[in-house]
Amino acid sequence: MLCLSDSIRHDDPSVQPLLRTIEEAHTLTQLILAVWPLARVLAQHIVEYVLAERAQRPIAWPPCPTCGTLLRSKGFAQRQLTTLLADLEEETNHLSELKRAEKRRLHSLERQRAQQGADTVPAVVTEIEDITRTLDQRDRQIQQIKEQHAAARHDLDLLQRGRQQHQP
């Protein structure tokens, strides 16, 4: 990571905060959520580089391996980053389902504590505190994923507008 990290810092200083977030991640979930924005930036740079390089090459279309007809460009095709967006939506839905289940458990424990008052066993009180912390963490995770989804949607919209400008 150090070699890649150093080269990224040298080439694009704007990713330094992203790299710091990765270094500060303690859990696997935090690490994945921290790496995602950097992956988006790197993917964008790679795609831009490859497309710019390909645009400079002369186009010599090969023949179709099946029929022998010369292949030709169909121009800019309408494509979508649906896999990325769908994965982010699926993860948000999954975390929301977990959050609902945890809230139901929390409400049950809170009723139990309200009924038992001072006689509530410490395990119930501890579990209430644990679930409350977990719910806060889930809220932060869902918010991060929603922000990533919005950023991916924004990137997709920019790509689509760019394609539309280049269509004949």
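The values are calculated or read from the model by the stated rules, or taken from the named source; none is laboratory data. Keep in mind it's a predicted model, so treat the numbers as computed, not measured. Don't worry about glycine lacking a Cβ; one is built from the backbone with ideal geometry, like all the others, and counts go over all protein chains shown.
Within segment 145-168, the residues that satisfy the criterion of being among the charged types (D, E, K, R) and either at pLDDT 75 or above or not in a helix (DSSP H, G or I) (or both) are LYS146, GLU147, ARG153, ASP155, ASP157. Contact map, segment 108-121: residues that are farther than 14 Å from THR132 by Cα paired with residues that are of a type in the set (Lys, Arg) and surrounded by 10 or more Cβ atoms within 10 Å (Cβ to Cβ), Cβ distance under 7 Å, separation 6+ or inter-chain. Pairs shown: THR120/ARG113.
Checked against the criterion of being over 22 Å from the mean Cα position of the chain (by Cα), hydroxyl-bearing (Ser, Thr, Tyr) and either more than 23 Å from LEU38 (Cβ to Cβ) or part of a helix (DSSP H, G or I) (or both), segment 122-135 contains one or more residues that satisfy it. The residue of segment 86-105 that is nearest to ALA150 (Cα to Cα), among those that are within 22 Å of the chain's Cα centre (by Cα) and acidic (Asp, Glu), is GLU89. Looking across segment 14-29 at every residue that is loosely packed, with under 11 Cβ neighbours inside 10 Å and assigned to a loop (DSSP other than H, G, I, E, B), the one that is nearest to the chain's Cα centre (by Cα) is identified as THR27.
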